[in-house]
Amino acid sequence: MAPFSRTSRMHPDPSASPSPIPPDALAALARPEVQKLAARMAQDGFSQAFRLTLDKDNEGRVRGIEVLASALRNWGSADQSADTCSLRLALVVAGLDQWGVAYSQAFGLAAIPGLSELVGALRTGLDPQQEARFHQQFAAIDAAEGNAIDFKIELRRGIHLALWHAMIAGDEREQAKAILAHLAGMMLALIRAMPELGWRLVADALAHIQIRCLAEGLAADGLAREMNEALFAALSAGLPAPQRDRIMAHSAQAVLAWQQARRTPPAGPVH
């Protein structure tokens, strides 16, 4: 299920003209499937670095980070094009950075040593030309909203859902409220930073939240339900009415499509 896609043309007013999706200038170097994989690898890399920081002593953490960095470097270099290799590495590093910022701010962490070591290890050994290409591709990711859009969708969905799950999973009200405030603030900031596409990424995350609730019975009662409802209320209060309605309509349509797909029986063999 993919509530947001680069080909979707949602808009708040059915009579309005569809707004075009900005082109992805990086798609020639990294296909959508590669971009999505880069986002998932950044998420997995962050999770492993975080666990190594929490569970291992210094020596064990360093060994684990070396193994992890080697695997990510190998994936990044698995192409004959130097520019493509640089973009792959830039995507993974950008994803690790965003995961680190999100978790540090949400949970008040001063530092995540394993993550810092992992990012450093990924860039160690780059020669001057590789370093220059890396910086060029890293800057290109945010040079336009449509650049690496499939990576941005997958990355933000993972971050938002992880924080949302942390918000509803605990039984400490103050911690849940702190995560709620950070998550809502992140989403609102994303819409401001990406005026063309940010709302679509937030709608995608909200749709996946609702799908998780329906599919797994999450946030059905108690503090979890209260925090979930408060998240939607905070977003509604923080957005202009037209933008809020557009996001909620897009999210609702995606959830409806998911429900309909579940009810539709698979096609049987043709005799």
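I'd like the full set of residues that are among the polar types (S, T, N, Q) and out of contact with any Gly (no Cβ under 9 Å at 6 or more places or on another chain), limited to region 63-94. If you could, list the steps in order and put the result at the bottom.
Start the filter on region 63-94 by keeping residues that are among the polar types (S, T, N, Q), which leaves 70, 74, 77, 80-81, 84, 86.
Listed by number, the residues that qualify are SER70, ASN74, SER77, GLN80, SER81, THR84.
How many residues does region 164-179 hold that are open to solvent by 10 Å² or more (accessible area, probe 1.4 Å) and either touching a Leu at 6+ places or on another chain (Cβ under 6 Å) or not aliphatic (A, V, I, L, M) (or both)?
8
For the structure I just gave you, tell me whether VAL92 is open to solvent by 70 Å² or more (accessible area, probe 1.4 Å), in the same structural domain as ASP44 (by the TED database) and among the β-branched types (Val, Ile, Thr). So that I can check it myself, show each step before the final result.
Details: open to solvent by 70 Å² or more (accessible area, probe 1.4 Å): no; in the same structural domain as ASP44 (by the TED database): yes; among the β-branched types (Val, Ile, Thr): yes.
Here the answer is no, as VAL92 does not meet what is asked.
Hey, any hits in region 201-219 for a residue that's of a type in the set (Asp, Glu), more than 30 Å from PRO22 (Cβ to Cβ) and not assigned by the TED database to the domain that holds TRP99? Spell out how you get there, then give the answer.
Step one: filter region 201-219 for residues of a type in the set (Asp, Glu), giving 204, 216.
Those still in the list that are more than 30 Å from PRO22 (Cβ to Cβ) too: 216.
Now restrict to residues that are not assigned by the TED database to the domain that holds TRP99: 216.
Yes, region 201-219 contains at least one residue that is of a type in the set (Asp, Glu), more than 30 Å from PRO22 (Cβ to Cβ) and not assigned by the TED database to the domain that holds TRP99.
What tally of residues in region 103-129 results from selecting those that are of a type in the set (A, V, I, L, M), farther than 16 Å from ALA162 by Cβ and part of a helix (DSSP H, G or I)?
4
Please verify whether region 157-177 includes one or more residues that are over 28 Å from LEU54 (Cα atoms) and in a helix (DSSP H, G or I).
no
Which residue, of LEU87, LEU109, LEU155, is of a type in the set (A, V, I, L, M, F, W, C), under 18 Å from PHE46 (Cα atoms), in contact with a helix residue (DSSP H, G or I) (Cβ under 7 Å, 6 or more places away or on another chain) and at pLDDT 95 or above?
LEU155
Taking region 130-144, which residues are within 15 Å of GLY95 (Cβ to Cβ) and open to solvent by 60 Å² or more (accessible area, probe 1.4 Å)?
Answer for region 130-144, where residues must be within 15 Å of GLY95 (Cβ to Cβ) and open to solvent by 60 Å² or more (accessible area, probe 1.4 Å): PHE138, ASP142.
If I ask for residues that are open to solvent by less than 10 Å² (accessible area, probe 1.4 Å) and either charged (D, E, K, R) or farther than 21 Å from ARG173 by Cα (or both), which ones from region 192-242 would you list?
LEU197, GLY198, TRP199, ARG200, LEU201, VAL202, ALA203, ASP204, ALA205, LEU206, ALA207
Within region 198-208, is even one residue among the β-branched types (Val, Ile, Thr), in contact with a Phe, Trp or Tyr (Cβ under 6 Å, 6 or more places away or on another chain) and in contact (Cβ under 8 Å) with a residue 40 or more places away in the chain?
Checked against the condition, which is being among the β-branched types (Val, Ile, Thr), in contact with a Phe, Trp or Tyr (Cβ under 6 Å, 6 or more places away or on another chain) and in contact (Cβ under 8 Å) with a residue 40 or more places away in the chain, region 198-208 yields no hits at all.
Can you tell me which residue among LEU126, LEU109, LEU115, LEU161 is buried (at least 20 other Cβ atoms within 10 Å of the Cβ) and aliphatic (A, V, I, L, M)? Working first, answer last.
Details: LEU126 fails: buried (at least 20 other Cβ atoms within 10 Å of the Cβ); LEU109 fails: buried (at least 20 other Cβ atoms within 10 Å of the Cβ); LEU161 fails: buried (at least 20 other Cβ atoms within 10 Å of the Cβ).
Being buried (at least 20 other Cβ atoms within 10 Å of the Cβ) and aliphatic (A, V, I, L, M) holds for just one of LEU126, LEU109, LEU115, LEU161, which is LEU115.
The values are calculated or read from the model by the stated rules, or taken from the named source; none is laboratory data. Given the structure is predicted, the values throughout are model-derived calculations rather than measurements. Heads up, the Cβs are rebuilt from the backbone with ideal geometry, glycines too, and the neighbour counts pull from every protein chain shown. With ligands, DNA and RNA removed, areas are computed over all heavy atoms of the protein, side chains included. Shrake-Rupley method; radii C 1.70, N 1.55, O 1.52, S 1.80 Å.
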